[in-house]
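Below is one structure, written out as structure tokens, with a few remarks after it.
Please treat every number below as a calculation from the coordinates, not as lab data. Owing to the predicted nature of the structure, the values given are computational and were not obtained by experimental measurement. Cβ placement follows ideal geometry from the backbone for every residue including glycine, while neighbour counts extend to all protein chains displayed.
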Amino acid sequence: MTTQRGKERLTERMIVAILTSPTLREAAAQCGCSVRTLIRWRKHESFARQFEAAKAAMVSQATSKLRAEGGKAVDVLARVASDAEAPPGTRAIAARGLLELMLKAHETETLEARIAALEQTLGGDDAITKFR
């Protein structure tokens, strides 16, 4: 019989394995279970909630790292785009990258503002969650 703590550790191992393995087969091997078992566990609401929370944390951590390095990347693109000695194609690619980043940032900021306004109109995040 599996104890509650044992089940929690198995859940954690499964989540880590799924998030870090390229395939379910490899994740299952890492956990010592079958692919069917992983698929079955993923259907449980509790497991799915924990999995989504872990995945969100992983993405958030990666996003933070990207954000920290973003300024350097923009500086590199700007230097390449304005380097008169760089090949024209390279300068064009760097300039295009800068424009795409600027437009994407503007689009994201605009959408965030619109979503915040909708949430406020509907009565906050809870109203949106209840609506779903």
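Data overview
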read-out	value
Mean-position separation - Cα centroids, region 94-119 and region 1-59, in angstrom	35
Separation in nanometres of the label points that stand 7 Å from Cα toward Cβ, at residue 24 and residue 75	4.6
At R0 = 25 Å, FRET efficiency that the Cβ-Cβ distance of residue 42 and residue 117 yields, to 0.05	0.10
Net charge over other residues, Cβ less than 15 angstrom from the Cβ of residue 93 (K, R count +1; D, E count -1)	+1
Local electrostatic count at residue 47 - Lys and Arg +1, Asp and Glu -1, tallied over other residues with Cβ under 13 Å	+3
Prolate/oblate/rounded label for the chain (Cα gyration tensor, a/c 1.5)	oblate
Net charge contributed by nearby residues that have their C-beta within less than 12 Å of residue 14 (K/R +1, D/E -1)	+3
Inter-label distance, nm, simple model (7 Å from Cα along the C-beta direction), residue 57/residue 98	4.0
Cα gyration tensor, region 1-67 - rounded (a/c under 1.5), prolate or oblate	prolate
